[in-house]
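Structure in structure tokens, see below.
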Amino acid sequence: MRTVRAILLVVALTVPFGLVASPAGAASGTTCKTASGTATFTPALPKIGSTKKVTPTVKITGGKFSGCTGGGVTTATLVATIKFTIPNNCTTLLKNASTGAKGPETLTWNNHKTSTVTLTLGGPPKGKPATYTTATGPVTAGLFKGLHQSGTLVYSIGGGCTKTDLSKVTFKQVTAQTIK
């Protein structure tokens, strides 16, 4: 009888711990020191002075995270398709107008696992120029599912917006990209 009670006690004590475990695929998170890539706007944002506004799709290719610590990863490649939901042009964008830019980002880590993030590109942090953007969103699938990505990026427009419509930018990280 004592053996049965002991087994029931062990079962009773272990079941609650199993119920509060992390979501499947979640890890402790990671922090990446550098991020960079290229973003292409289709259609291009009309240059400064134009009254035409568009709602482009922004494709990010050739993106990289590196110098990552935590979560068993050190680097990642990234691709994303971000859609503006609010019409903009270079004039409104450089005045920090809202874009409603949101879409899926896929991170492929050096351990061959992936993370899917619903990424939102927001306006610049307080006191920063319009070429800064916040990149935030929940990890909805894969490694780190249930955690949240955040960081700040700065992009370079080259001659876009002033001489020509803005069709491509390069970006790099200002603050660490974290997934916590």
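Would you point out which residue out of LYS33, LYS64 is part of a strand (DSSP E or B), under 14 Å from LEU107 (Cα atoms) and of a type in the set (Lys, Arg)?
Working: LYS33 fails: under 14 Å from LEU107 (Cα atoms).
Every option except LYS64 fails the conditions.
To continue, here is another question. Considering only residues of region 155-177 that are among the β-branched types (Val, Ile, Thr) and within 20 Å of THR55 (Cα to Cα), which is surrounded by the most Cβ atoms within 10 Å (Cβ to Cβ)?
Result: VAL169.
I've got another one for you. Would it be correct to say that THR30 is in contact with a strand residue (DSSP E or B) (Cβ under 9 Å, 6 or more places away or on another chain) and either under 20 Å from LEU121 (Cβ atoms) or modelled with pLDDT of 95 or more (or both)? Spell out the reasoning first.
On the way: in contact with a strand residue (DSSP E or B) (Cβ under 9 Å, 6 or more places away or on another chain): yes; either under 20 Å from LEU121 (Cβ atoms) or modelled with pLDDT of 95 or more (or both): yes.
Yes, satisfied.
Which one of ALA141, ALA130, ALA135 is out of contact with any Asp or Glu (no Cβ under 8 Å at 6 or more places or on another chain), on the phi < 0 side of the Ramachandran plot and part of a loop (DSSP other than H, G, I, E, B)?
Numbers: ALA141 fails: part of a loop (DSSP other than H, G, I, E, B); ALA135 fails: part of a loop (DSSP other than H, G, I, E, B).
When all the criteria are applied, what remains is ALA130.
Which members of region 151-180 meet the condition of being of a type in the set (Lys, Arg) and over 13 Å from PRO46 (Cβ atoms)? Before you say what the answer is, go through the steps one by one.
Initial filter on region 151-180 (of a type in the set (Lys, Arg)): 163, 168, 172, 180.
LYS168, LYS172, LYS180, listed by residue number.
Then there is this: Considering only region 91-127, state which residues are of a type in the set (Ser, Thr, Tyr) and part of a strand (DSSP E or B). Give the steps one after another, and end with the answer.
Initially, region 91-127 is screened for residues of a type in the set (Ser, Thr, Tyr), giving 91-92, 98-99, 106, 108, 114-116, 118, 120.
Listed by number, the residues that qualify are THR106, THR108, THR114, SER115, THR116, THR118, THR120.
Another one. Which of the residues belonging to region 94-125 are out of contact with any Lys or Arg (no Cβ under 8 Å at 6 or more places or on another chain) and crowded, with 20+ Cβ neighbours inside 10 Å?
Answer for region 94-125, where residues must be out of contact with any Lys or Arg (no Cβ under 8 Å at 6 or more places or on another chain) and crowded, with 20+ Cβ neighbours inside 10 Å: THR99, GLU105, LEU107, TRP109, VAL117.
OK, next. Give the residue that is surrounded by the most Cβ atoms within 10 Å (Cβ to Cβ), with candidates limited to residues of region 126-149 that are modelled with pLDDT of 95 or more and farther than 19 Å from VAL79 by Cβ.
Residue satisfying both the conditions and the ranking: LEU147.
Specify the residue that is farthest from PRO104 (Cα to Cα); the eligible residues are those in region 41-54 that are surrounded by 15 or more Cβ atoms within 10 Å (Cβ to Cβ) and in contact with a Lys or Arg (Cβ under 8 Å, 6 or more places away or on another chain).
Looking at the filtered set, the residue picked out is LYS47.
The values are calculated or read from the model by the stated rules, or taken from the named source; none is laboratory data. Since this is a predicted model, take the numbers as computed values, not measurements. Cβ sites come from the backbone with ideal geometry, for glycine too, and all protein chains shown count toward neighbours.
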